[in-house]
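Please read the structure below before turning to the comments.
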Amino acid sequence: MRALGGALGVGLVILLGWIGWLWHESRLPDTYDVMDYGSHDYGGGPIPTSGHHSGISVANLRGPRSEAADAKFRLTAQATTIRLASGREIEALTFDGVSPGPELRVQQGDLVEVTLLNEDVSQGVTIHWHGVDVPNAEDGVAGVTQNAVPPGQRYVYRFRAEQVGTFWYHSHQVSSKEVRRGLFGAFVIEPAQSIYDLDLALAAHTFDGVATLNANDGFQSRKISPGTRVRLRLLNTDGTPRRFTVQGTQFLVLALDGTDLNEPSPIENDTLEIAGGGRVDIAFTVPRAPVWISLAETEVGLALNADGVKRPLAEPSDEFNPAGYGERAATPFEASSRFDRRFELTIGRWPGFLDGRPGLQWTINGAIFPHVPVFVVEKGDLVHVTITNDTDAVHPMHLHGHHLLVLSRDGVAVSGSPWWADTLNVEAGERFEVAFRADNPGIWMDHCHNLRHAADGLTMHVMYAGVTTPFRIGDTARNEPE
């Protein structure tokens, strides 16, 4: 018995020592280089000869600096009280005193210049151009591509608007708090010509538990002539999925995450689920009867030609399936292509420590932040990623600076229009195969856009070999991207 007790004592000491080591290893210094943590994963490809402490700095991967801008904006971040349509007041963080912030519209090819001023947001602020594949230095991630802008200071973003579609902008400094409190707005890149008579962005957001659409916590009513061609750009700025319903007309789903779908066909009575951070564009011609665009299970939405706010009681039951909608079209690569690198991104949850805090932590490939993988690529690589969600939560996975071609979901190949995404809603138990061309050098965040999850460690990076960052994360540096 004495020997058994001694063995148990030794075992307990070893266990406590191991737990202490895990606690110690989880602690982050006051300031650190994000690339000093994690394990480099080369996806089965060759190990680049250039290390991550030599090469080009993200600070040099900038948009055009000397040319005259085609579209210039000035946004001031400030704390203020906003009033919802119902009269409810919210203590918010805003751009130019409103949330959503001013809608920015430009044309494809424009050189865009945005000057950010921080009036009084105490923790600092940045602007991330969500879904816009900007040069790395313009990406607006505090501690990775720039320093957060402190009160009284400014920062200028410049980039060419090469894409066409619906995007949005938001702070990427303490983003789990600053976006929730209102630091966001719609960003639309239009083609040279449009066929639509009414083109409207509608941003869903939850303020202090209250669902809103463009800060309206009820139904907006608009009178529109029958025959009007309408394009609605639906944005979900929350971290969890939002479901939109369209009642009273057939409609087309034109685009997902800012990328047009090929040969969309009319649908009716389908619910549109949009990932946290995702966007869906729809179009229809206004009929003589009323039309309702609603946030499902709420009394919030847009009523066209409606008498008051009365609408059908029954909500659509069919779910829109992007994997089988539209018609196939040629893509620059496909599932049968030869990939230079193949990565696994498996999301799990295990007990452990996050920066010294015990709890049930998010994991990537079995590791807890900051010891998560770094996917290392080289410019020109064709990259395949398998994303698996082994948790019971939904994760809208967002890769900065690139768009992913969705190849399959749960082993079933995409059969409709090419489906490009920058924010992919990965449900509990789901598995996606996606691919992208590594054509935008930098250090890019790849994280869950449920920003609370990201703040709790569900974040990693895709790094181009030889790219470095002079910026640091942590309290001393006053940079905290999530």
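Could you rank the peptides 82-88, 155-161 by their average count of other C-beta atoms within 10 Å per residue, with the highest value first? Don't jump to the answer; show the numbers that get you there.
Values: 82-88: 12.9, 155-161: 19.7.
Per-residue Cβ counts within 10 Å, averaged per peptide and sorted highest first, yield 155-161, 82-88.
Read phi for every residue in region 379-395 and hand back ³J(HN,Hα) as whole Hz from Karplus 6.51 cos²θ - 1.76 cosθ + 1.60, θ = phi - 60°, with x for Gly and Pro.
Taking θ as phi minus 60°, the curve returns 4, x, 4, 9, 10, 10, 10, 9, 9, 10, 10, 9, 10, 9, 10, 8, 10 Hz for region 379-395.
Hey, which aspartates and glutamates would be in cross-link range of Lys72, C-alpha to C-alpha under 18 Å, not counting anything within fewer than 8 residues on its own chain?
Asp96, Glu103, Asp110, Glu113, Glu138, Asp139, Glu162, Glu190
Provide Phe187, Phe432 in ascending order of the number of other Cβ atoms located within 10 Å of each residue's Cβ, fewest first.
Values: Phe187 29, Phe432 24.
Neighbour counts put them in this order, fewest first: Phe432, Phe187.
Would you pull out the residues with amide H under 5 Å of Arg105's amide H, same chain only if 5 or more places away, H placed 1.01 Å from N?
Val188
With a 10 Å radius around each residue's Cβ, average the other Cβ atoms per peptide and rank 17-25, 260-268, 206-214, highest first.
On the way: 17-25: 11.7, 260-268: 15.6, 206-214: 17.3.
Result, highest mean Cβ count within 10 Å first: 206-214, 260-268, 17-25.
Quickly rank 330-343, 232-245 as a protection proxy: mean count of other C-beta atoms within 10 Å, highest first. Intermediate results must be reported in sequence, preceding the final value.
Working: 330-343: 14.0, 232-245: 22.7.
In decreasing order of mean packing, 330-343, 232-245 become 232-245, 330-343.
Between the alpha-carbon centers of region 255-300 and region 80-94, tell me the distance in whole angstrom.
That distance is 27 Å.
Round to a whole angstrom and tell me the spacing of the C-alpha centers of region 137-158 and region 372-434.
If we compute the Cα centre of each part, the gap is 28 Å.
In whole percent, what relative contact order does the chain give with Cα contacts below 8 Å and a gap of six or more residues? Write down the numbers at each step before the final one.
Details: 1306 pairs, mean separation 90.4, N = 482.
Once normalised by length, the contact order is 19 percent.
Which ordering of His172, His395 is given by a fewest-first count of other beta-carbon atoms within 10 Å? Mind dumping the intermediate values first?
Values: His172 31, His395 26.
Neighbour counts put them in this order, fewest first: His395, His172.
If each of Arg154 and Leu12 carries a label point 7 Å out from its Cα toward its Cβ, how far apart are those two points in nm?
Distance between label points: 6.5 nm.
Angle between the Cα long axis of helix 2-26 and the longest principal axis of the chain, 0 to 90 degrees, nearest 10?
50 degrees
How much length would be gained if the chain were fully extended between Asp410 and Ala192, taking 0.36 nm per residue of separation minus their Cα-Cα distance, in nm to one decimal? Walk me through the numbers before you get to the answer.
Working: separation 218, 0.36 × 218 = 78.48 nm, distance 3.86 nm.
Full extension of this stretch gives 74.6 nm more.
If you take every DSSP beta bridge whose two residues both sit in region 198-320, what share of them, in percent to the nearest 5, is antiparallel? It would help to have the intermediate numbers written out before the result.
Values: 31 of 44 bridges.
Within region 198-320, antiparallel bridges account for around 70 percent of the total.
In the chain, what percentage of the DSSP-assigned beta bridges are antiparallel, given to the nearest 5?
70 percent
In nm, what is the difference between 0.36 nm times the number of residues separating Thr476 and Asp439 and their Cα-Cα distance? Please list the in-between numbers first.
Numbers: separation 37, 0.36 × 37 = 13.32 nm, distance 3.34 nm.
In short, 10.0 nm is gained.
Every number here is computed from the coordinates shown, using simple stated rules; none is lab data. Please read all numbers here as calculations on a predicted model, not as lab measurements. We place every Cβ from the backbone using ideal geometry, glycine too, and count neighbours over all the protein chains shown.
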